[in-house]
Amino acid sequence: MEVTGRLFIWAILAVSCRAQLNSTAAEGRPRCTASLGGANLGETHKALILNLNADENCTWTIERPENRSIRIIFSHIQLDPDSRCENESIKVFDGRSTSGPLLGEACSKNDFVPVFESSANSLTFQIVTDWTRVQRSVFIFYYFFSSGTTIPNCGGYLQTLEGSFSSPNYPRPHPELAYCVWHIQVEKGYKINLNFTELFLEMDEYCRFDFIAVYDGPSTTSGLLKQVCGRGTPTFESSSDAMTVVLSTDYANSYRGFFASYASTYVQEVNTTSLSCASDKMRVIISKSYLQSLNYHESNLQLNDPTCRPSVSNVVEFSIPLHECGTIKKIEDHTISYTNIITFTQSPESAVITRKRHLQIVVTCEMEYNSTVEILYITEDDVIQNQSVLGKYNTSMALYESGSFENLIQESPYYVDLNQTLFVQATLHTSDPSLVVFLDTCRASPTSDFASPTYDLISSGCSRDETCKVYPLFGHYGRFQFNAFKFLRHLSSVYLKCKILICDTSDHTSRCNQGCVSRRKRDIPSYKWKTDSVIGPIRLKRDRLVNGDSGLLPQTHEAEISKQPLSHLHLFSFMVLALNVVIVVTATVRHFLNRWKDHGYQKLQVY
């Protein structure tokens with residue numbers, strides 16, 4: 001009897017261990033012991049403090065019945081600093097489980113404040129820790145919001161060399177539940193100096209509640225310079241021509257917010273002057289030390305149009321539009337040139353005599369090749385600097401959803417049905433209204449290097465495919481459509497390459513105005529400029545299904561099964577399970593199995 005009782009106790013213990021192991025295997029994670037800090041999830045917003053142990057795999061789901069989105073902010077993360085992101089991380093999924101699309105991942109190696117937004121009213125986040133026993137804590141703040149509502153003066157794009165911005169309502173208290181992003185982008189060759197003349201947010205040692213995050217680059221993942229809060233007047237300097245500033249606030253303790261200004265510093269070396277040409281403007285940089293050596297001041301410099309003034313920082317910069325500020329356009333042979341002149345104006349009191357040499361800087365952009373030539377000469381009495389730079393127009397080519405050419409297709413590769421109608425647009429990015437785009441040749445290939453075989457859709461302005469339709473000339477846009485096809489005995493990918501001609505509308509004999517030319521003569525008046533644009537690959541949906549390629553479908557991630565070494569408890573459990581094989585499984589054992597079953601998946605239901 002005593003032996004039977006002991007065997008019965010061992011059987012119960014073995015079954016309970018097996019139930020725990022079965023639950024772990026079914027869920028793909030060990031038991032969850034992270035504390036939620038007593039959070040009341042009946043509200044539309046809440047802060048959570050998660051104190052984590054080693055070797056955990058915990059999942060939470062946040063959802064509400066109404067149609068709103070969720071923003072979740074991990075404003076303070078303290079994980080194992082020596083652990084790899086593959087072993088210890090936070091993953092956020094769009095939806096009710098970890099099988100939804102992955103919104104992003106954060107770990108101790110990240111140099112940014114992780115912020116994620118759901119597409120609907122549910123969001124799931126999963127935290128996995130490794131076996132190292134160190135102190136871990138994660139501060140999470142989430143709230144529901146309507147994606148269509150905006151806060152005035154909350155974020156924006158700042159593109160001048162200097163400027164200022166402030167928190168919404170400044171100097172009155174900032175709004176609650178605000179997430180504002182300012183992108184500062186200045187000209188190439190500059191860096192940004194940002195100065196907060198006032199900063200007044202909620203005080204916290206780790207800036208978990210209300211904070212400002214400053215990033216060294218064009219996005220919120222560019223590299224965090226610092227996360228600040230409380231009171232102060234911090235300053236920051238970028239390493240490039242871009243900087244991003246974020247303001248995040250919670251639902252309590254609103255203060256004055258902040259006011260900030262920024263200025264730009266030219267970092268490239270300029271001994272005298274430099275000229276660069278873009279698709280829509282000329283850019284002239286003049287060294288202040290060069291002007292001082294000639295006893296000039298930047299306020300006395302002017303263009304052909306005196307109302308166009310320069311920007312002044314540590315250098316003097318003229319940003320000259322190609323069709324404004326007195327710029328002179330000239331069409332000659334195979335080039336289009338734009339010229340302007342920077343001169344020095346005398347003050348009224350010195351209009352009769354002068355002891356200064358005359359300064360004149362002639363700048364010219366010839367839009368043909370991507371090379372630069374500078375010419376400088378000085379006469380005995382005058383300083384006349386001529387600069388001529390050969391620039392390049394900026395063009396692009398893309399696919400669109402329909403013949404209205406309103407909705408751009410962003411996916412790459414783009415999966416289509418066989419014989420589906422595709423719409424292609426080539427765009428010239430310039431401010432010169434007198435230029436027109438002409439599609440001379442468009443060719444398809446199964447490879448990006450356009451090696452044999454190739455297939456002509458357009459040649460010499462003429463359609464070479466029965467399904468190809470070339471649209472009439474339309475300003476800065478060249479358009480055509482055709483039906484999707486596949487190359488025989490090759491991969492399903494198709495690349496497109498088009499030769500784009502750019503002409504001036506005043507030249508009625510230009511190649512652009514001649515349209516389709518089946519047999520071109522050698523001495524036909526030529527175009528003014530040409531370039532090649534390539535898009536692709538385009539692939540068939542059928543091939544994606546056959547190859548098992550997920551393509552552009554939402555990426556799904558199942559919960560990862562723990563790969564930690566077996567502990568003594570697991571070994572002991574397996575030994576007991578082996579003993580349990582020889583014990584008669586009774587209805588009492590199955591009853592304890594259902595009773596002792598444990599789950600490692602926690603769902604945070606908000607009502």
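The values are calculated or read from the model by the stated rules, or taken from the named source; none is laboratory data. This structure is a prediction, so every number in the text was calculated from the model and none was measured. Backbone-built Cβ (ideal geometry, glycine too); neighbour counts: all protein chains shown. SASA here: full protein model, heavy atoms, side chains in, ligands and nucleic acids out. Shrake-Rupley method; radii C 1.70, N 1.55, O 1.52, S 1.80 Å.
Compute the label zone of residue 204 within segment 70-88: residues whose backbone N is under 17 Å from the point 7 Å along Cα-to-Cβ. The answer is 71-79, whose backbone nitrogens lie closer than 17 Å to the label point. Quick one: of 188/226; 188/288; 469/499; 469/497; 188/330; 188/499, which pairs are farther than 26 Å apart, Cα to Cα? Beyond 26 Å: 188/330; 188/499. Computed extension gain for residue 454 through residue 68, at 0.36 nm per residue and net of the alpha carbon distance, reaches 134.0 nm.
Treating each Cα of segment 33-145 as an identical point scatterer and summing with the Debye formula, the log10 of I(q)/I(0) at q = 0.16 Å⁻¹ comes to -0.69.
So between residue 134 and residue 147, what do we pick up on full extension, going 0.36 nm a residue minus the alpha carbon distance? Let's see the in-between values first.
On the way: separation 13, 0.36 × 13 = 4.68 nm, distance 3.89 nm.
Additional length available on full extension: 0.8 nm.
To the nearest 0.05, how large is the calculated FRET efficiency for residue 289 and residue 417 if R₀ is 51 Å and r is the Cβ-Cβ distance? Could the numbers behind the result be given before it?
Numbers: r = 64 Å, r/R0 = 1.25.
It comes to 0.20.
Extending 7 Å from Cα along the Cβ direction at residue 49 and again at residue 471 yields two label points whose distance is 5.9 nm.
Taking 41 Å as R0, compute the FRET efficiency from the Cβ-Cβ separation of residue 362 and residue 253 and round it to 0.05.
Values: r = 60 Å, r/R0 = 1.47.
That gives a FRET efficiency of 0.10.
Share of carbon and sulfur in the accessible area of segment 156-266 stands at 48%, probe radius 1.4 Å.
Residue separation of residue 108 and residue 410 scaled by 0.36 nm, minus their Cα-Cα distance, works out to 105.5 nm of gained length. The convex hull around the C-alpha trace of segment 156-266, projected and averaged over every direction, spans 6.0 square nanometres.
Put a dot 7 Å past the Cα of residue 120, heading toward its Cβ, do the same for residue 505, and the two dots end up 4.9 nm apart. Put a plus charge on the Cβ of each Lys and Arg, a minus charge on the Cβ of each Asp and Glu, and nothing anywhere else: the dipole of segment 156-266 about its Cα centre is then about 120 debye. Spacing of the modelled spin labels on residue 176 and residue 330, each 7 Å from Cα toward Cβ, amounts to 6.7 nm.
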